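In what follows, a single structure is set out as structure tokens and then discussed.
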Amino acid sequence: MTHVSSSFSVKYIDTSSRRFFSQFIALLKPHLALVCGLFACIIFGGFEFFELFFTAPAQANLHTPAGFFCQWWVREILSNWLALDTEAARIEWQYFCYLSYSAALSLLFTALLWLRSQHRAFRSDGLFAVQLVLAALSMSALLLVLAAQFAAFLPFRRALRFLVLLMLAYSGVHLFYVFNNPALAGTHWKIGVFYLIAQLLLYCICFAAVLAVKRYFKQSAQLKIAYAELQATQIMLSDTVRITERTRIARDLHDILGHQLTALNLHLDLAVRHSAAVGTDLNMASSAESNTESNIESKTPSLDTRLQQALQVSRELAHDLLAEVRSVVSSEKSDKEINLQQALRILCASIPQPKITLQFDELKTPVPMHIAHCIFYCVQEAITNVIRHADAQTLQITLKQYEHMLNIQIQDDGQGCDTLQPNHGLQGMRERLELCNGTLSLKHASKQGFYLELQIPFDVAFKGFPT
């Protein structure tokens, strides 16, 4: 019993731990790049800080521009304020200033990396330039993190220019360090140059690695978007095929069965009229015959009556069947609704970035097939434009139905623009909306996102899709 309970406990703990780690990884996965960047800032910045912290002030290496600035600050400015008379006191204050500079630099890099991942305003070139100068003055290992940020947050050409600037700045500071350090300037300057080349290669490797990861995630996102569009298009296509097939079957029923039943009704009407005429002739003939043929006379009208009744019932059945066939044909032809809501949900659900919020009002009237196609194309094109150009975090899509009007509102929180240059996508949206007598309204401003409003009436004739 003890063995069974202990085995059960082990399995329960193992299952619980697996579930916990899987949930933790799933929660962390969308922010994996940010977590790695923050971890790198803490590791590189913390390593430099603690290496300096556990070094004696007299032995600390301050042969960098930042170190020389700390020496000048303490000796020329701070000594007059605090009356630092001894050399040991000045060295301690120089060490404390440089240590504070190292700690502040690590905190600055960590905070800016976090803010850049959340807000586009902190991705300006000016902040990158300030970070580059501050880190280069102390030859900080945080320059590796900065090179990675160039690749992660900037377009390729601007990122490459910043990388070249970083390498030039670091090379100048490093050579200044080598030839102003008495231990290296004399006989070991070649070691310093070799270290410089290795460090520059490391910057390039870090930049290229992050750039490759960025392109991988971009291609992965594009693949997810294409898959979502394919699924949504498949829903629309299946509904269209279903409607087309049902319309074809209804038309075949009407053309084949309707024609045959109409012909059958005509023949039955003719047969009923002939049977009535035959019955009248037989009655007139029976009145002129003798009483010896009374048995035959009585049987003949009875057979004629039954024949008329059978023909009348057959005619009524044929009429009823023809009416039901026409009713089925009418219902099949009128059922042309496409499941627009399901198609849009599938389109938006698999898109990782931006986060799409889809809101529907309850549709009072089924959406006709041509209007559903138009709305789906316009929403798909709007999402594509947001992904390519807006750099947005969230996207709100709202579909409302009024008495004879559909209203679709699309709002993102992207970077927007002051001057709009219409592309083929917007032009295609306008053309499709014009075919449905719809309208497109745009509102945009720099740093304030992009807003689209589509209005499509129901009670209009469809003009056909563009070729």
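General remarks:
- Residues satisfying the stated conditions in region 150-194, i.e. polar (S, T, N, Q) and modelled with pLDDT of 80 or more: SER171
- Scanning region 104-119 for residues that are farther than 15 Å from GLY45 by Cβ and crowded, with 16+ Cβ neighbours inside 10 Å turns up ARG116, SER117.
- Residue among SER79, SER102 that alone is under 47 Å from the mean Cα position of the chain (by Cα) and either outside any loop (DSSP other than H, G, I, E, B) or of a type in the set (Ser, Thr, Tyr) (or both): SER102
- Residues located in region 401-416, provided they are of a type outside the set (A, V, I, L, M) and either closer than 12 Å to ILE375 by Cα or not in a strand (DSSP E or B) (or both): TYR402, GLU403, HIS404, ASN407, GLN409, ASP413, GLY414, GLN415, GLY416
- Selection count, region 79-102, where residues are surrounded by fewer than 16 Cβ atoms within 10 Å (Cβ to Cβ) and in contact with a Phe, Trp or Tyr (Cβ under 7 Å, 6 or more places away or on another chain): 0
- Sole residue being outside any strand (DSSP E or B) and over 30 Å from GLN219 (Cβ atoms), chosen from THR398, THR419, THR384: THR419
- Scan of region 37-60 for residues that are of a type in the set (D, E, K, R) and either in contact (Cβ under 8 Å) with a residue 12 or more places away in the chain or surrounded by 13 or more Cβ atoms within 10 Å (Cβ to Cβ) (or both), ordered by number: GLU48
- Leading residue by the ranking (farthest from GLY414 (Cα to Cα)) among those in region 314-361 that are assigned to a loop (DSSP other than H, G, I, E, B) and modelled with pLDDT of 70 or more: ASN339
The values are calculated or read from the model by the stated rules, or taken from the named source; none is laboratory data. The shown structure was predicted, so the numbers you read here are calculated from the model rather than taken from an experiment. Don't worry about glycine lacking a Cβ; one is built from the backbone with ideal geometry, like all the others, and counts go over all protein chains shown.
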